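Before any comments, here is the structure.
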Amino acid sequence: MARALAWTTPGATKLDWGLTVVQPNPAAAADAVSVRLHELGEPELVAACLEGRIGAFDLIVERHRRTVYQLCYRFVGNHEDASDLSQDVFLRAYRGLKNFRGQSSLSTWLHRISVNVCLNRVSVKAPQTEPIENEQHVDTRSESPSEHVLRGERAVRVRAAVARLPEKQRAALILRMYHDMSHQEIADAVGSSVGAVKANVFHALQNLKRLIGEDVR
Amino acid sequence: MHLNEGQLIDLAEGTRPESAEPHLASCARCRAELSELRAVMSVAAGVEVPEPSPLFWDHLSMRVHDAVAAEATRPRGSAALGLGRASSLWSWRVLLPAAALAALVAAAAVSIRSPSDMGGGGSPAGTASIGGVDSGVDVARLVDDDPLLSLLADLAGELDWDDVVGAGLTTSSWSVDRVVLEMSADERRELRRILSEELTKS
Ligand SMILES: [Zn+2]
């Protein structure tokens, strides 16, 4: 079980905290079972979960964690809550996997769960959005320092404004704008009509314009 | 009759061509509304979610894995899917291959090992260099006193020292406490929880 500690492959990695460690050989690290799991498509991976194959659900999480986290982050506007919510989403997905019939893609299904988890959570908790100084990881190479600051401040302001929108507007806007779901898929996810979804996106954008005001010309 | 919300959204998103709404050409108000919608969409679309710490993704996977495993090991009849691996340290090892765990183990190991063993300064055997400063501390006692260090020391026993040294690891610039300090509060909490869980097992 020491595969995480098999430091025998060349190729040193400089970690952020100034450590140099040697990456384990990914091929050697993966056993035969997980190699086969990685080759599975979505329906087979779900089936593998339902058959109780160890690691199958881990792989689903690995493939979708970024999208789920980002969706949650847009909803609540801060890392802590987004990370708790993401965990809830996957736990809920795990419980409901036996009901996943594959009518939609796994990612659409996970979006639906995410929205419901977020809507349930935000209704009991006021959003705590990030402070401005948390803005990070922006490619600044082609920007002047003042452009960079403005861009960062604007991003923080937009994210905070999104997280303050009324729930249905927020859900519709996030799914449409950042997760590329169709109006129909969103309507199915939140239990409303296509017309209502479009109206929600419309009002979300109007409110956003009001909240971020001077940024929009 | 002005364009309604749905029509404006379809035009703004480009799913419907402007030519399909002849009213637009004759109504300044609807044109203004459409252009404002497009402007705010373009501002919002360019805003990314801040990228969390690189350790976060595996940390999230591990949290989910543990939650799912805890659920799967509940009495039969509940939602068990058979994902029974509940060992949290196992998760750390598998999920954090070359990052946090290896770094921690290596850091602890190098810190705990006598500097003279590592070709470092001439401290008497049995003392440790913690935090890059020769502290003269009794390693055995230190390790016994801190369950976290003791577990890391156990894990460090699995390392191949030639590789560690070959990889350029030295005691001079870093130490386990520095590595632990560099982790987020969340990561530290989680590591502590898992390590203490692991320790109470044995
Ligand atoms: Zn009009």
**Message:** If A:Glu214 meets every condition in (1) modelled with pLDDT under 90; (2) more than 20 Å from B:Leu34 (Cα to Cα); (3) open to solvent by 70 Å² or more (accessible area, probe 1.4 Å) apart from one, which number is that one?
**Reply:** (2)
**Request:** Give the residues of region A:169-189 that are open to solvent by 40 Å² or more (accessible area, probe 1.4 Å) and touching a Leu at 6+ places or on another chain (Cβ under 8 Å), sorted by residue number.
**Result:** A:Tyr178, A:Glu185
**Request:** Please indicate, with yes or no, whether at least one residue in region A:153-160 is in contact (Cβ under 8 Å) with a residue 60 or more places away in the chain and open to solvent by less than 60 Å² (accessible area, probe 1.4 Å).
**Result:** yes
**Request:** Considering each residue of region A:169-181, count those that are over 16 Å from the mean Cα position of the chain (by Cα) and at pLDDT below 95, and give that number.
**Result:** 0
**Item:** Qualifying positions in region A:72-88 - open to solvent by less than 10 Å² (accessible area, probe 1.4 Å), more than 9 Å from every other protein chain (Cβ to nearest Cβ) and not β-branched (Val, Ile, Thr)
**Value:** A:Cys72, A:Phe75, A:Gly77, A:Leu85
**Complete:** The helices (runs of 4 or more DSSP H) lying wholly within region A:143-217 that contain at least 2 residues that are basic (Lys, Arg) and closer than 20 Å to B:Asn4 by Cβ are A:167-178, A:194-212
**Asked** For region B:15-32, what are the residues that are farther than 11 Å from B:His2 by Cα and either surrounded by 10 or more Cβ atoms within 10 Å (Cβ to Cβ) or not assigned by TED's automatic domain parsing to the domain that holds B:His2 (or both)?
**Response** B:Thr15, B:Arg16, B:Glu18, B:Ala20, B:Ala25, B:Ala32
**Message:** Given the criterion modelled with pLDDT under 90, under 19 Å from A:Tyr69 (Cβ atoms) and either outside the structural domain of A:Cys118 (by TED's automatic domain parsing) or open to solvent by 10 Å² or more (accessible area, probe 1.4 Å) (or both), identify the matching residue among A:Glu143, A:Glu135.
**Reply:** A:Glu135
**Residues located in region B:2-60, provided they are in contact (Cβ under 8 Å) with a residue 12 or more places away in the chain, farther than 18 Å from A:Phe202 by Cα and either within 16 Å of the ligand (Cβ to nearest atom) or among the aliphatic types (A, V, I, L, M) (or both)** = B:His23, B:Cys27, B:Leu55
**Asked** If you scan region A:46-62, which residues turn out to be more than 10 Å from chain B (Cβ to nearest Cβ) and touching a residue at least 24 places away in the same chain (Cβ under 8 Å)?
**Response** A:Val46
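The values are calculated or read from the model by the stated rules, or taken from the named source; none is laboratory data. Quick caveat, the model's predicted, so the values are computed rather than measured. We place every Cβ from the backbone using ideal geometry, glycine too, and count neighbours over all the protein chains shown. Note: areas computed on protein heavy atoms with side chains; ligands, DNA, RNA excluded. Shrake-Rupley method; radii C 1.70, N 1.55, O 1.52, S 1.80 Å.
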